[in-house]
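Report on one structure; see the data block that follows.
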Amino acid sequence: MSFWEARASRGTAPAQRVDGELRYRLVAPLVRDAALWVDLGAGTGIQAAAALSENAGARRTLLVDQDADALQEAARELRGGTAETLEADLATADAAAAVREAAAATGGPVLVTCFDVLHQLADFTALVTLLIDLGEDGATVVLSVPDDAAGALQDPHRASAWSAGAAEELRRLLPADAVALKQVAVRASAIVGAGDGDGAKVALPDVAVSAEDQPTAHLLAFGPDAQRLTAAGHARAADLEAERAEARRSVSDLAYLEARLAALEAPASP
C-alpha cells in the first residue's frame, strides 16, 4: 500500500487494498480445504474477508496479531467458521509456542499465511523458525515480503530490508520444492455509460505479466498444497474521493509535524 499503513482499515481506499486482497484470493482454495487456517499478522481482516467471502467453509480459524482492537475487528469480519484470536508479538518465542500448540492440536490440513509481516520485525528469527517448523510438521505455509526496490524503503513500519536477493536467501532456507512467486502491479482503466449509476461490469483484457517485471512483493510457499498456487489477478474500482481525502490528511499531518519540529528547534527565549 503506497500510503504505508501497518494494517488496512475501513478508511483505506478500495484501490489501495487490491494487493492484499489478491494474496488472500490466491490462497482461497487452500483456506476452504483447511481444517485450520492460521493467519499470522491478521490485522483487521478487511482484505481477507473481501477475498474469502465465497470460501468461508467450516474451517477453524486462528487470527494472530499484537493489536487487540484489530483482532476484534478481524473476528467480526471473518464470520465463516469459528474465528479464534491470539494477541501476540510474532517476534517472540511465546507467540511461536502458542501457534505451534494450536497447529499440533488440529486433525487435518493446516494452512498458515503470513503476509507482509517479516519486514515489520527487526528480528524475524523466531517467526521464520516457526514457519519452517510448521512446514516440517505438515502445514502448508504461504508468506509474502515487499520489494524495497518498488518503494518499500519509504515504509515507516519497515524494520528490516527485503530485496529480491533477500527473498532468495529466505527461499534457500525452505524445502527444495518451495514455490516462489512474484506480485506485479498492473495498471487498468475502464469506461462505462454515464447513466450506469448502480455500476456496470466491464471485461478487462488479458494482461501479459512476465517474471522479469519489477515485483512489488515476493511470495514463498511450501508444504503439501503449495503446488496448487497459480497465477492470479484482481481488480477493483478506484475510490478517488477516498484517495483525495487521504492525500489531504497526509499534507495536513506533514504541515503539523513540520510546525512542531520548527517549534522544538527554535532557540529558547532569554
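The values are calculated or read from the model by the stated rules, or taken from the named source; none is laboratory data. It should be emphasised that the depicted structure is a prediction, and the values quoted were computed from it without experimental measurement. No Cβ is skipped: glycine too gets one built from the backbone with ideal geometry, and neighbour counts run over all protein chains shown. Keep in mind that these areas ignore ligands, DNA and RNA; they rest on the heavy atoms of the full protein, side chains included. Shrake-Rupley method; radii C 1.70, N 1.55, O 1.52, S 1.80 Å.
Observations
- Ser210 accessible area, 1.4 Å probe, all protein chains in place, Å² to nearest 10: 50
- The calculated FRET efficiency for the pair Asp196 and Asp253, based on their C-beta separation and a Förster distance of 45 Å, comes to about 0.80.
- Gain upon complete extension [Glu136, Gln66; 0.36 nm per residue less C-alpha separation]: 22.7 nm
- Glu84, Glu73, Glu212, ranked by accessible area, largest first (probe 1.4 Å): Glu212, Glu84, Glu73
- Fraction of accessible area attributable to carbon and sulfur, the range 71-117 (%, probe 1.4 Å): 46
- Where Thr92, Thr113 fall by accessible area, highest first, once all protein chains stay in place (1.4 Å): Thr92, Thr113
- Largest to smallest in accessible area, the residues Lys182, Lys201 fall in the order Lys201, Lys182 (1.4 Å probe, all protein chains included).
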